[in-house]
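Asks: Pasting in a structure now, in C-alpha cells, and then I'll have a few things to ask.
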Amino acid sequence: MFVKVCGLRTPETVDAAVVAGADAVGFVFAPGSVRLIDPDGAAALVARVPGDVETVGVFRKQPIDEVLAVARAAGVRTIQLHGDEPDEHFARAAEAGFGTIRAVSAARYSGSGHAGPGRLLIDATVPGSGEPFDPADLPVPRDRMAPGRRPASGQRDRPDRRLRSVGRGRLQRRRVRAGRQGSGVDPGIPGRRPRLTR
C-alpha cells in the first residue's frame, strides 16, 4: 500500500506523517483551497522530509508554466494535477524531471473508466471533501488487480465495504498505488481535529 498524507502546512503535521510511516507528503498549491501553502513555506517543510518519503505538490487547473515554477521553488519531487489537465501537461512535468500523479474524482473515473497517463489517485466526488465513495462501484476489472487488493481511495468509511482513512490496496489498471489522507491532520482548519489516521 502507498500512503500519501496531503494538505500539510506545519512542521508538526509533516513530522507526524513521516513518523507514522507515510510514503509521501503533499502540499497544496491550488488557489482557493483551505490548505493552500506558498512555495517558500512549503520549501521549509520539504527540507524536513527524509529522502525516502516522496514530496508532492498538488495543483488544480493552473497553467503548466506556473505549476513547474511553483514546484521548483517548493522543491517537491512530484506534481499532482487535479483537474482536467491535458496529457501535454503531464509530459511537460515529466520532461522537467518531476514524477506525476493524475487525480480525478470518483464520479469522473466511474463515468469514463480512463484517466490518461501518469499514476492515478481517485478522490471524492467533490475533491478534498472527505465524502466517502464505494470502490466497488469503480470500473476496475478484478483480473487487472493484485490478488487480495482493492482500488485505492482517500476516503474514510466502513471497513467492511469501503476503504478506510488513507486507503488500502492497489489500483493496477493505471499503474497506481495510492491512498491519501487530506482531512483531519491539520489543526489550523476550523472543524478539523488534529489527528493522523493509519
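The values are calculated or read from the model by the stated rules, or taken from the named source; none is laboratory data. Keep in mind that what you see is a predicted model, and the values were worked out from it rather than measured. All Cβ positions, even for glycine, are placed from backbone atoms using ideal geometry, and neighbour counts span all protein chains on display.
Asks: If you go through the range 68-101 one residue at a time, how many are under 16 Å from the mean Cα position of the chain (by Cα) and of a type outside the set (Gly, Ala, Ser)?
Replies: Result for the range 68-101: 13.
Asks: Of all residues being polar (S, T, N, Q) and at pLDDT below 70 in the range 96-128, which is nearest to residue 24 (Cα to Cα)? Just the residue, please. Talk me through it step by step, then tell me what you get.
Replies: The first filter runs over the range 96-128 and keeps only residues polar (S, T, N, Q), leaving 100, 105, 110, 112, 125.
Those still in the list that are at pLDDT below 70 too: 110, 112.
Working: 110: 26, 112: 27 Å.
Going through the qualifying residues, I end up with 110.
Asks: Spot the failing condition for residue 1; the list is (1) among the aliphatic types (A, V, I, L, M); (2) more than 20 Å from residue 102 (Cβ to Cβ); (3) not in a helix (DSSP H, G or I), and only one is missed.
Replies: It is condition (2) that residue 1 fails.
Asks: Go through the range 86-103 and give me each residue that's surrounded by 17 or more Cβ atoms within 10 Å (Cβ to Cβ) and in contact with a Gly (Cβ under 9 Å, 6 or more places away or on another chain).
Replies: 90, 93, 98, 99, 100, 101, 102, 103
Asks: List every residue pair whose Cβ atoms lie under 7 Å apart, where the two residues are 6 or more positions apart in sequence or sit on different chains, the first residue falls within the range 38-58 and is in contact (Cβ under 8 Å) with a residue 24 or more places away in the chain and within 17 Å of residue 5 (Cβ to Cβ), and the second residue, located anywhere, is exposed (fewer than 14 other Cβ atoms within 10 Å of the Cβ) and of a type outside the set (Ser, Thr, Tyr).
Replies: Pairs found: 45/11; 48/11.
Asks: Restricting attention to the range 27-45, which residues are among the β-branched types (Val, Ile, Thr) and surrounded by fewer than 20 Cβ atoms within 10 Å (Cβ to Cβ)? Walk me through it before giving the result.
Replies: So in the range 27-45, the residues among the β-branched types (Val, Ile, Thr) come out as 28, 34, 37.
If the condition is that a residue be among the β-branched types (Val, Ile, Thr) and surrounded by fewer than 20 Cβ atoms within 10 Å (Cβ to Cβ), then 34 is the only one that fits.
Asks: Anything in the range 10-26 that is surrounded by fewer than 24 Cβ atoms within 10 Å (Cβ to Cβ) and under 15 Å from the mean Cα position of the chain (by Cα)? List them, or say none. Before you say what the answer is, go through the steps one by one.
Replies: So in the range 10-26, the residues surrounded by fewer than 24 Cβ atoms within 10 Å (Cβ to Cβ) come out as 10-13, 15-16, 18-21, 23.
Selection gives 23 alone.
Asks: Turning to a different aspect of this structure: Filter the range 84-96 down to the residues that are in a loop (DSSP other than H, G, I, E, B) and in contact (Cβ under 8 Å) with a residue 24 or more places away in the chain, then identify the one that is nearest to residue 55 (Cα to Cα). Step through it out loud before you land on a result.
Replies: Residues of the range 84-96 in a loop (DSSP other than H, G, I, E, B): 84-86, 96.
Still in the list and also in contact (Cβ under 8 Å) with a residue 24 or more places away in the chain: 85, 96.
Details: 85: 20, 96: 16 Å.
Taking the candidates together, the pick is 96.
Asks: A further question on this structure: For the range 20-37, check the following and say yes or no: at least one residue is in a helix (DSSP H, G or I) and free of Cβ contacts under 8 Å to residues at least 60 places away in the same chain.
Replies: First, the residues of the range 20-37 that are in a helix (DSSP H, G or I): none.
Within the range 20-37, not a single residue is in a helix (DSSP H, G or I) and free of Cβ contacts under 8 Å to residues at least 60 places away in the same chain.
Asks: From the set of residues in the range 48-79 that are in a loop (DSSP other than H, G, I, E, B) and of a type in the set (Gly, Ala, Ser), which is surrounded by the most Cβ atoms within 10 Å (Cβ to Cβ)? Even if it seems obvious, please write down each step before you answer.
Replies: The initial filter retains those residues of the range 48-79 that are in a loop (DSSP other than H, G, I, E, B), namely 48-53, 60-63, 75-77.
When the remaining residues are screened for being of a type in the set (Gly, Ala, Ser), the result is 51, 75.
On the way: 51: 7, 75: 17.
Top of the filtered list is 75.
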